[in-house]
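I have placed the structure first, in the form of structure tokens, so that the comments after it can refer back to it.
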Amino acid sequence: RCTDAGSLILPYLEQIFERDIVNLTHEIGIPRAEIAPVYSEWMARLQHPHFGLDVFFVSQNASQKLSIRLAPSIRATISSGIEAPSTFMAFAVAAMLRFL
């Protein structure tokens with residue numbers, strides 16, 4: 001499974017959270033301290049032995065996930081004027097576009 005120890009997926013998701021999603025906290029007015037536990041709980045669910053993460057799960061409704069989950073973070077990063085979306089986010093968008 002892609003969430004097993006040694007997999008590159010979990011560190012990749014951590015980088016997207018740190019480099020892109022955290023930028024959204026200012027835009028939506030929710031402190032990072034409130035968002036971090038939600039992210040941690042989601043990561044725990046991804047590693048659950050009976051749920052997990054697989055390609056089918058990731059590719060389901062890719063167009064909706066792109067506009068609902070990734071686009072707000074991309075907009076927040078760009079509007080911050082501090083930096084561009086990370087290469088991790090660019091790869092996530094490219095991967096989702098692959099499934100459209």
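What follows draws every value from the coordinates through simple rules; no lab data is involved. What you see is a predicted model, and the numbers here were worked out from it, not measured in a lab.
Worth a mention:
- The chain: radius of gyration over Cα atoms, expressed as a fraction of 2.2 N^0.38 Å: 1.08
- Residues with amide H under 5 Å from that of Ser7, placed H, sequence gap 5 or more: none
- Hz values of 3J(HN,Hα) by residue in the range 36-44 - Karplus curve (6.51, -1.76, 1.60), Gly and Pro given as x: 4, x, 5, 4, 4, 5, 5, 4, 5
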